[in-house]
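The values are calculated or read from the model by the stated rules, or taken from the named source; none is laboratory data. Computed from a predicted model, the values in this text were never measured in an experiment. All Cβ positions, glycine included, derive from the backbone under ideal geometry; neighbour counts span all protein chains shown. Heavy atoms of the whole protein, side chains included, go into the accessibility calculation; ligands, DNA and RNA do not. Shrake-Rupley method; radii C 1.70, N 1.55, O 1.52, S 1.80 Å.
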Amino acid sequence: MDSERWCLIQELFHQAVDKPEAEWESFVRAGGDDAVAVDDALAADVLAMLAEDARGASLLDRGVADAAREVLAADAPPAAGVIGPYHLTALLGEGGMGVVYRAERADVGSVVAVKILRDAWLSPARRERFARERRLLAQLRHPAIAQLHDAGALPDGTPWLAMEYVEGVPITEHCRAAAAPVAARLTLFRQVCEAVQHAHQNLVIHRDLKPSNILVTGEGRVKLLDFGISKRIEGPERARGETRTGLRLMTPAYAAPEQLRGQGGAVASDVYSLGVVLYELLAGRLPFDLGDRTPAEAQRIIFDEEAIRPSLRAARDGAPGGGAVAFVPRAEWADLDVLTLTAMHKDPARRYRTVEALIRDVDHLLAGEPLEARPDDVGYRAGKFVRRNRGALAGAGLAVAAIAALVVFYTVRVTRARNAALAEATRTQRIQRFMVSLFEGGGDGAAGPVDGLRAVTLVDRGVQEARSLAAEPVVQADLYATLGSVYQKLGNFAQADTLLGMALDQRRALFGAEDVQVGRSLVDLASLRTEQARYDDAERLARDGLDTLRRRLPPGDVAVARATVAFGRVLEERGAYDRAIPVLDEAVRLHTAAGREDTDLSASVTELANTHFYAGHYPISESLNQRALALDRRLHGERHPTVSSDLINLGAIQFELGQYGAAERLYREGLAITIAWYGDDHFQTAADLTMLGRALNMLDRSDEAIQMLQRALAIRERVFGADHPSVASTVNEIGGIALAQKRFDDAERAFQRMVEIYRVVHHGDNHYLVGIALANLASVYLAREQYDAAAPIFRRAIAVYAKTLSADHVNVGIARIKLGRALLRAHRVDQAQVESLAGYQILRKTMKPSVSWLQKARQDLVEEYEVLHQPAEAQRVRVEIAATQPQIGADNR
């Protein structure tokens with residue numbers, strides 16, 4: 001038996017098992033809830049399983065659904081109603097895939113819907129489909145899509161999801177109960193389209209759009225649910241059989257003909273389903289009556305019969321309270337018919353090519369403008385003008401001749417405006433067709449089915465397509481910019497550099513140096529240069545792009561705010577914190593003034609927090625990072641990369657304050673999110689591994705630390721090359737472990753490499769990272785007891801710090817304590833006491849008394865005061881040592 005047939009048997013079994021035994025046979029032979037095609041042999045297999053299950057002898061009676069009912073029964077002990085941090089409070093529903101409960105999380109006071117996979121141990125295909133739903137939901141971030149908050153597994157390995165809890169009713173029921181007018185229905189429908197468009201932009205196709213998956217909340221907001229059989233273009237590990245099985249799980253009444261034929265679901269299939277939903281919203285009925293039809297009859301109807309216009313369906317079948325929209329003028333019905341029937345055309349090539357195109361026509365209809373899908377004739381456009389201006393024309397009492405003259409006049413104006421709009425629409429549609437082609441595969445000459453493509457392969461093919469668009473240079477430039485940004489996110493900086501540079505050159509040639517598109521390209525390229533650590537170029541490009549956008553756009557435009565963040569980040573990476581902070585303050589102000597709590601605001605707050613961190617303003621940085629964390633959790637849920645970044649940043653603050661145990665916990669929480677999102681081999685994973693390695697080393701767990709750091713180094717060298725600052729960051733930690741293990745030659749080589757990367761390749765002598773590299777190199781000589789060699793290098797490090805950091809920065813304090821020790825060991829006690837005391841006074845302002853650096857400074861000060869014959873001062877420090885000694889390590893376990 002092939003896997004596809006076996007999965008279908010399981011689905012039918014789970015749909016039937018909770019029904020009365022007398023209904024089993026008729027239910028199974030009818031194809032279950034989704035009316036799939038069932039032959040006699042398959043029906044017999046399912047009925048045999050049901051009979052065996054009824055006897056209680058089969059393993060099937062120990063599935064998760066039954067176990068969950070036992071565990072979560074009303075009279076069960078309270079502990080049984082807990083999954084992860086969630087207390088389950090009510091059963092919401094059961095289906096073939098899983099059991100869904102309402103749940104509460106007491107610590108944050110949130111309510112979620114917890115979904116548990118049925119019988120996870122039975123079928124790898126079911127587990128993979130459940131895991132795919134989790135991955136897809138984690139990537140979709142839109143206010144009209146129910147968000148994923150958390151995920152985990154029960155002790156027996158059964159997976160579960162915690163999702164946004166949505167209290168609402170299906171969109172059709174909402175409109176029927178409210179007797180919503182056509183404009184209100186279209187507005188809700190537009191929200192649905194925006195959510196689906198967001199999914200498509202993230203290369204996700206829903207494949208089961210229907211009213212029961214589209215809820216309207218009490219506040220009138222749409223929420224799109226159930227991505228359980230959605231599809232993402234991923235790697236070749238997905239078998240073709242699984243994909244086809246997924247296609248058979250959709251609801252036939254809303255499925256496109258090509259889906260029912262098993263030809264795969266693409267953008268056009270979701271467009272079709274949206275068309276059916278709109279049909280039902282308008283007419284109060286589905287376009288085809290599939291009730292009491294066999295699966296074969298239902299498919300024949302969908303394949304061969306044409307749907308009657310929703311206006312006729314509403315007129316014939318619409319009864320008061322039946323759900324059809326009321327009081328629609330004939331002319332408006334004509335546009336509604338065109339809109340709906342274009343979306344659900346049987347031929348995918350004749351539908352709206354993308355959901356964005358469908359949204360545009362919804363907007364045109366709401367504004368009383370001509371539809372793009374409507375045949376383009378003068379009478380139609382003139383009629384639209386008259387209807388839009390009926391009140392003004394009637395009030396003016398114009399004669400028929402005057403009306404005709406105005407119609408001609410405005411038709412000419414509309415035509416001119418239309419020509420400009422069509423040029424833009426053509427460009428947009430060309431890009432849309434390009435994106436559709438990536439979803440649908442490369443045509444007959446493609447190497448394989450689209451499900452066999454990795455994301456990188458997909459983008460590579462997109463570049464080849466873009467290069468063929470020489471006759472459409474504006475579209476080509478847009479695609480180069482988009483694909484270049486994608487490559488940057490994937491860590492392929494060389495390809496990103498080529499494409500973003502081509503986009504900039506092409507836009508300059510097309511529009512001139514002062515165009516908004518040129519400004520955006522400059523900012524895009526500045527962002528890449530920052531990643532490449534080419535800071536001179538990055539600052540110049542960011543400044544030029546920001547200036548261009550400021551000249552061409554209003555001050556509050558989001559593009560100006562984004563460019564301000566990009567410019568601030570360049571200054572931050574250069575170590576110019578005094579210049580970066582006011583720039584990033586301005587970016588936060590611009591995004592806050594826009595009145596939106598969105599990803600742009602989060603990014604600007606995070607960059608400002610980072611800059612304060614590097615400047616040593618830890619309380620300010622912690623407050624800003626907490627703000628960013630709360631915002632990102634509201635926007636994205638608990639398991640998003642921005643949440644990971646916030647946790648890592650908070651961990652870094654704890655690390656600098658000497659709270660290494662707290663830092664490790666935050667680092668591990670962030671790393672788990674990063675790996676779940678990006679995988680084990682991504683440069684962001686490497687960054688988090690490096691941070692965790694630092695904490696483990698300070699906790700004297702060097703074996704664990706070195707494993708983390710070697711993994712991180714390999715990734716970073718592959719992605720960035722051997723001389724990138726991020727490579728130096730990991731090399732620094734590896735050198736620190738070698739130093740702690742007294743492998744001085746290895747440590748010296750590591751820190752020399754670090755100095756080379758930071759000072760010679762990138763920063764010169766004017767960056768605090770150069771100071772860190774020098775201080776660490778000097779620490780090797782200090783450990784070797786080469787005190788006369790160590791002291792001048794420590795002084796050089798402190799001089800570098802003085803150019804970029806405040807005088808009371810933690811790094812300055814540590815370097816001065818180390819310099820004091822080198823001078824003490826070299827018997828230059830007068831100088832040693834000055835440095836040890838200065839470093840001690842810096843660190844005691846921000847660090848807990850038990851931190852090791854403070855303990856070392858106290859020990860040195862006691863020795864120095866005794867040599868200098870200052871017994872009272874020595875005794876004062878001894879008292880401090882005695883007061884803090886019992887706490888050593890307590891905060892760092």
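Residues in the range 687-696: is at least one open to solvent by 30 Å² or more (accessible area, probe 1.4 Å), part of a helix (DSSP H, G or I) and closer than 26 Å to residue 643 by Cβ? Yes, some residue in the range 687-696 is open to solvent by 30 Å² or more (accessible area, probe 1.4 Å), part of a helix (DSSP H, G or I) and closer than 26 Å to residue 643 by Cβ.
Residue-wise test of (1) of a type outside the set (S, T, N, Q); (2) closer than 30 Å to residue 210 by Cα; (3) modelled with pLDDT under 50.
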{"position": "31", "(1), (2), (3)": "yes, yes, no"}
{"position": "34", "(1), (2), (3)": "yes, yes, no"}
{"position": "37", "(1), (2), (3)": "yes, yes, no"}
{"position": "46", "(1), (2), (3)": "yes, yes, no"}
{"position": "55", "(1), (2), (3)": "yes, no, no"}
{"position": "68", "(1), (2), (3)": "yes, yes, yes"}
{"position": "76", "(1), (2), (3)": "yes, no, yes"}
{"position": "89", "(1), (2), (3)": "no, yes, no"}
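Could you list, in sequence order, all residues of the range 585-606 that are closer than 13 Å to residue 563 by Cβ and crowded, with 24+ Cβ neighbours inside 10 Å? Residues satisfying the conditions are 587, 591, 604.
Each residue in the range 184-197 was checked for being open to solvent by 20 Å² or more (accessible area, probe 1.4 Å) and modelled with pLDDT of 90 or more, and 5 pass. Across the range 524-540, the qualifying residues are those that are assigned to a helix (DSSP H, G or I) and open to solvent by 30 Å² or more (accessible area, probe 1.4 Å), and the one among them that is farthest from residue 481 (Cα to Cα) is 536. Filtering 589, 574, 569 for residues that are in contact (Cβ under 8 Å) with a residue 60 or more places away in the chain and within 27 Å of residue 809 (Cβ to Cβ) leaves a single hit, 574. Here the helices (runs of 4 or more DSSP H) wholly within the range 802-893 that include at least 1 residues being in contact (Cβ under 8 Å) with a residue 60 or more places away in the chain are 810-825, 852-867. Within the range 741-755, residues that are at pLDDT 90 or above and surrounded by fewer than 19 Cβ atoms within 10 Å (Cβ to Cβ) reach partners that are assigned to a loop (DSSP other than H, G, I, E, B) and not aromatic (Phe, Trp, Tyr) with beta carbons closer than 6 Å, at six or more positions or on different chains, in the pairs 744/784. Tallying residues that are open to solvent by less than 40 Å² (accessible area, probe 1.4 Å), among the hydrophobic types (A, V, I, L, M, F, W, C) and under 18 Å from residue 578 (Cα atoms) within the range 773-807 yields 2.
Limited to the range 157-183, what total is found for residues that are within 22 Å of residue 93 (Cα to Cα) and either at pLDDT below 85 or not β-branched (Val, Ile, Thr) (or both)? Residues meeting the conditions: 14.
Where helices (runs of 4 or more DSSP H) sit wholly within the range 453-523, those with at least 3 residues that are farther than 17 Å from residue 549 by Cβ and modelled with pLDDT of 85 or more occupy 493-511. Part of a helix (DSSP H, G or I) and closer than 19 Å to residue 590 by Cβ: is that true of residue 543 in this structure? Yes; evaluated as a whole, the condition is true for this residue. Restricting attention to the range 559-574, does a residue exist that is open to solvent by 20 Å² or more (accessible area, probe 1.4 Å), of a type outside the set (Asp, Glu) and not in a helix (DSSP H, G or I)? No, the range 559-574 contains no residue that is open to solvent by 20 Å² or more (accessible area, probe 1.4 Å), of a type outside the set (Asp, Glu) and not in a helix (DSSP H, G or I).
Among residues of the range 646-657 that are over 14 Å from residue 602 (Cβ atoms) and touching a residue at least 60 places away in the same chain (Cβ under 8 Å), those with a beta-carbon under 9 Å from a residue that is among the small types (Gly, Ala, Ser) and surrounded by 21 or more Cβ atoms within 10 Å (Cβ to Cβ) at least six positions away or on a different chain give the pairs 656/616; 656/663; 657/663. Within the option set 573, 607, being touching a Phe, Trp or Tyr at 6+ places or on another chain (Cβ under 7 Å) and among the acidic types (Asp, Glu) holds for one residue only, 573.
Of the residues making up the range 509-523, those that are in contact with a Lys or Arg (Cβ under 6 Å, 6 or more places away or on another chain) and open to solvent by less than 10 Å² (accessible area, probe 1.4 Å) number 2.
Scanning the range 669-686 for residues that are touching a residue at least 40 places away in the same chain (Cβ under 8 Å) and either open to solvent by less than 20 Å² (accessible area, probe 1.4 Å) or over 14 Å from residue 729 (Cβ atoms) (or both) yields 676, 677, 682, 686.
So for the range 547-554 (the condition being modelled with pLDDT of 90 or more, β-branched (Val, Ile, Thr) and within 28 Å of residue 720 (Cβ to Cβ)), does at least one residue qualify? No, the range 547-554 has no match at all. If you go through the range 238-280 and keep only what is under 27 Å from the mean Cα position of the chain (by Cα), of a type in the set (Val, Ile, Thr) and at pLDDT 70 or above, you end up with 267, 271.
Being among the hydrophobic types (A, V, I, L, M, F, W, C) and part of a loop (DSSP other than H, G, I, E, B) is the filter here; which residues of the range 575-597 pass it?
576, 594 - these are the residues of the range 575-597 that are among the hydrophobic types (A, V, I, L, M, F, W, C) and part of a loop (DSSP other than H, G, I, E, B).
Here's the yes/no breakdown for (1) at positive phi; (2) surrounded by fewer than 18 Cβ atoms within 10 Å (Cβ to Cβ):
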{"site": "312", "(1), (2)": "no, yes"}
{"site": "323", "(1), (2)": "yes, no"}
{"site": "331", "(1), (2)": "no, yes"}
{"site": "336", "(1), (2)": "no, no"}
{"site": "340", "(1), (2)": "no, no"}
{"site": "358", "(1), (2)": "no, no"}
{"site": "362", "(1), (2)": "no, no"}
{"site": "366", "(1), (2)": "no, yes"}
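Condition first: surrounded by fewer than 23 Cβ atoms within 10 Å (Cβ to Cβ) and within 27 Å of residue 699 (Cβ to Cβ). Now tell me which residues in the range 716-726 satisfy that. Once the filter is applied, which keeps residues that are surrounded by fewer than 23 Cβ atoms within 10 Å (Cβ to Cβ) and within 27 Å of residue 699 (Cβ to Cβ), the range 716-726 yields 717, 725, 726. Using the structure shown, decide if residue 658 is outside any helix (DSSP H, G or I), in contact with a His (Cβ under 9 Å, 6 or more places away or on another chain) and not basic (Lys, Arg). So residue 658 fails the test. Within the range 224-237, can one find any residue that is closer than 14 Å to residue 189 by Cα, open to solvent by 20 Å² or more (accessible area, probe 1.4 Å), within 24 Å of the chain's Cα centre (by Cα) and at pLDDT 80 or above? The answer is no, given that none of the residues of the range 224-237 is closer than 14 Å to residue 189 by Cα, open to solvent by 20 Å² or more (accessible area, probe 1.4 Å), within 24 Å of the chain's Cα centre (by Cα) and at pLDDT 80 or above.
Would a scan of the range 530-538 turn up a residue that is at positive phi and free of Cβ contacts under 8 Å to residues at least 24 places away in the same chain?
Taking the range 530-538 and keeping what is at positive phi, we get 533.
Still in the list and also free of Cβ contacts under 8 Å to residues at least 24 places away in the same chain: none.
Among the residues of the range 530-538, not one is at positive phi and free of Cβ contacts under 8 Å to residues at least 24 places away in the same chain, which makes the answer no.
Does residue 630 qualify as being under 18 Å from the mean Cα position of the chain (by Cα), over 27 Å from residue 546 (Cα atoms) and open to solvent by 30 Å² or more (accessible area, probe 1.4 Å)? Yes, satisfied.
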